[in-house]
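The values are calculated or read from the model by the stated rules, or taken from the named source; none is laboratory data. Note that the structure is a prediction, hence the values are computed from the model and not measured. A quick note on method: Cβ atoms are made from the backbone with ideal geometry, for glycine too, and the neighbour counts reach across all protein chains shown.
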Amino acid sequence: MNAYLTGMGASASLIMAIGAQNAFVLTQGMERKFFLTIPLVCSLSDTILIFAGVLGVGELLSSRPVLTFAGTAGGVLFLTLYGIGRFRNFLNPRGEEERGRGPETGSAALALTLAVTWLNPHVYLDTVILLGGISSPFAGPDKLAFACGAVTVSFLWFFTLSLGGRLLTPLFRDPRFGRTLDLAMALLMGVLALSLAKELPGTLA
């Protein structure tokens with residue numbers, strides 16, 4: 001139980017930070033688009049990454065600078081393109097008709113969710129490297145319990161974020177709020193892309 005609760009606490013402290021993945025889940029929940037599919041995909045992805053970290057994959061990634069560089073560069077590219085898309089929505093004079101348009105099909109929602117998750121280097125840092133490192137004092141069944149605790153928080157967080165976003169849907173119908181949200185998302189993606197770009201030289205050190 002101690003290992004399980006430690007895993008929950010460690011996961012909660014890392015997963016609740018504002019980032020591209022959380023912002024995406026929240027906005028899609030507000031738009032009532034695939035508000036169950038998207039958090040499920042995020043949670044299942046976290047499950048894979050958390051268990052990979054607990055099993056020691058983080059040490060392998062840390063010893064391969066080329067992999068770190070490629071992942072970071074991919075994250076910069078994705079965040080930049082996603083931010084540009086939201087900024088174009090902000091500039092769109094048609095307003096409510098096109099506001100915040102996200103994925104329109106299940107396959108598009110799946111692809112975009114996988115991209116915002118697996119192309120985000122911060123996800124690897126939090127789940128694979130940091131959680132993997134925190135789990136190192138545990139062994140055997142305790143290590144498994146730690147991973148299960150971390151996974152529990154992931155499921156609770158993403159579904160709460162998505163379903164909670166639905167409560168804000170009436171605000172989203174206001175074109176002014178929609179434009180403000182698009183601008184905020186564009187700026188957030190830009191800041192995250194710049195912060196990752198600054199880390200690129202260090203990934204090959």
> Using beta carbons and a limit of 7 Å, which pairs, at least six apart or on different chains, have the first residue in segment 150-172 and surrounded by 14 or more Cβ atoms within 10 Å (Cβ to Cβ) and the second one aliphatic (A, V, I, L, M) and not in a helix (DSSP H, G or I)?
Replying inline: TRP157/MET16
> With segment 121-205 as the region, which helices (runs of 4 or more DSSP H) entirely inside it contain at least 1 residues that are touching a Phe, Trp or Tyr at 6+ places or on another chain (Cβ under 7 Å) and closer than 25 Å to PHE51 by Cβ?
Replying inline: 141-166, 175-203
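Each row is one residue, and each column tells you yes or no for (1) assigned to a helix (DSSP H, G or I); (2) under 14 Å from THR160 (Cβ atoms).
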{"position": "ALA3", "(1), (2)": "yes, no"}
{"position": "GLY9", "(1), (2)": "yes, no"}
{"position": "ALA12", "(1), (2)": "yes, yes"}
{"position": "VAL25", "(1), (2)": "yes, yes"}
{"position": "GLY29", "(1), (2)": "yes, yes"}
{"position": "LYS33", "(1), (2)": "no, no"}
{"position": "LEU40", "(1), (2)": "yes, yes"}
{"position": "ILE48", "(1), (2)": "yes, no"}
> Does THR180 qualify as being farther than 21 Å from LEU77 by Cβ, touching a residue at least 24 places away in the same chain (Cβ under 8 Å) and β-branched (Val, Ile, Thr)?
Replying inline: no
> Quick check: anything in segment 120-142 of a type in the set (Phe, Trp, Tyr) and at pLDDT 85 or above?
Replying inline: no
> In segment 44-77, what count of residues is obtained for those that are surrounded by 19 or more Cβ atoms within 10 Å (Cβ to Cβ), among the polar types (S, T, N, Q) and at pLDDT 85 or above?
Replying inline: 1
